[in-house]
Amino acid sequence: MKQDLEWEPRLVGFLCKWCSYAGADLAGTSRKKYPANIRVIRVPCSGRVDPLFILKALRLGFDGVLVSGCHPGDCHYQTGNYYARRRIAITKKFLEYIGIDPERIQASWVSASEGGKFAEVVTAVAKGLKEVGPNKLFADERREHRTKTTK
Amino acid sequence: MKDGNIEQKLQSEAKALLESGKVDYIIGFEAGSLKFTTTPLITNNIADIDRLVINPFIVNNLSVYLTEVKGRVGIVVKGCDSRSIVTLIQDKQVAREDVVILGVPCPGIIDLSKVERLVGKDRDELDDITRDGDRVVITVDGNETEFPTAEVLFDNCLGCEFPTPKEYDVLLDEFSPLVAGKAASQESLEKLKGMTPEQRWEFWKNEFSRCIRCYACRNICPACFCERCFVEESEPQWISPVPRWQDNLMFQIIRNIHVAGRCTDCGECERACPVNIPLRSLTKEMYDIVDDLFGFKAGMDKEAAPLLTAYALEEAEDFIR
């Protein structure tokens, strides 16, 4: 029997080890509910996130990318998130100019104590991506199951 | 001052520099093998100095050679090129004391393809092109026709913000040129911005289907000085070396992000492209984004920190949740 699957966006989250990753942990241990669309990659700092990672994720067919780090002033390395902020700002604007929906590139500040906020952010981002639709930007050599949508 | 006089001044300055041993090499322009072209001249021989020229066709941004030539160098630069040198100093690729900058106030460089389109003749059929202020006189078969200079300049020269070099040791001429045509230089970008995102993506997809990944844009770019480019990494392999449009476009997007805050809109990438991809429509947009968001213009201050190695506490973050 053929099963109709409703399309769900796939989201990569680059979470900083000190704040957002711990925040995600807290969301789990406090049993907060958030959509399972996110695939988490732990990075030492949001400043580690090269715009190349964001592009590569989109190139591989992910529907969106979330970069999350410590609030300004709280970075474990003092300033990493400030550099990240500049980089993401120009990346987002530039990709918008090329024709990539800015919804696909997301950023947030989530501290280790904000499990609730993490759940909210992921819920909101997943909802936004569902409206934007599947990432077919680089399509034509992606494997088919990745773009499966409701028939 | 006439181009001829600037040329004489340049030649005497260059000779003096080589003779006194202040520099090991001179990097400048000499006449090219084709009509109305110039080609870079890199020399340590005083006898070659007479070949140096200054004319409305000195198109190349010579600062790209600075990272390759060892020793102290005297270099001929226009406004945009001098800013490229400043970014190289900011990035510690070049030491200020190792370069003697011979600055040329630049009233704009003539785009031969625009001339060809304007007069409907091949460049070989033209007898002469002379510039006199804001008029250009083109001679074909003995007949002179006059055009406004703005009609034959490269897009990136139109409305040039800084025609006079920012950083120099010798300024070869005193006058400060004003280049008209700001609006025309933004035309191609405005056209793209008027499209829907889907149309823009489709546009770039089309353009980059032609890309043969020769990396001419990267190699000609003074801001692209990495010893090892990310496209050549194999562990991990970020992008496939096969010239598919997806990877071509990804390469160019990342290249633009890498040169953000270093690109001075000199237009060399677009001119180097063998398949005529309008690369300046990408680089200029990044130039504008950086200016809008952070009020940062590349190559203005050699003491300033490079764009992406600095931050301000309060900065645009309305996009952050």
Nearest 10 degrees, 0 to 90: what angle lies between the long axis of helix A:115-132 and the longest principal axis of chain A (Cα atoms)? 30
Kirkwood hydrodynamic radius (Cα pairs, Å) of the stretch A:46-88? 10.9
Give, in whole angstrom and from largest to smallest, the semi-axes √(5λ) of the equivalent ellipsoid of chain A, with λ running over the eigenvalues of the Cα gyration tensor. 27, 20, 11
At 7 Å along the Cα-to-beta-carbon direction for both A:H76 and B:R96, put a label point, then send me their distance in nm to one decimal. 3.9
Residues B:R72 and B:K35, FRET efficiency given R0 of 30 Å [Cβ-Cβ distance, rounded to 0.05]: 0.30
With a ≥ b ≥ c the root eigenvalues of the C-alpha gyration tensor of chain B, is it rounded (a/c under 1.5), prolate (a/b larger than b/c) or oblate? oblate
Quick one, can you get me the convex hull of the C-alpha atoms of the stretch B:221-272 expressed as volume per residue in Å³? 89
For B:C226 and A:D25, FRET efficiency with R0 = 45 Å and r from the beta-carbon atoms, rounded to 0.05? 0.75
Find the all-direction average of the projected area of the Cα convex hull for the stretch B:112-151, expressing the result in square nanometres with one decimal place. 2.4
Please work out the Kirkwood hydrodynamic radius for the stretch B:182-309, using every pair of different C-alpha atoms, and report it in angstroms with one decimal place. 15.6
Any idea what % of Cα-Cα pairs in the protein assembly as shown are farther than 40 Å? 30
Between B:V100 and residues 5 or more places away or on another chain, the pairs with built amide H atoms under 5 Å apart involve B:V73, B:G74, B:I75
Over chain B, the sum of -39500 (n - 2.57) across DSSP H runs of at least four, divided by residue number and rounded to 500 deg cm²/dmol, gives at 222 nm -9500 deg cm²/dmol
Within 10 Å of the Cβ of an average residue in A:42-52, the count of other chain Cβ atoms is 2
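Since every read-out is calculated from the coordinates, none of them should be taken as a lab result. All values derive from a computational prediction rather than experimental measurement. When we count neighbours, we look across all protein chains shown, and the Cβ atoms used for this are built from the backbone with ideal geometry, even at glycine.
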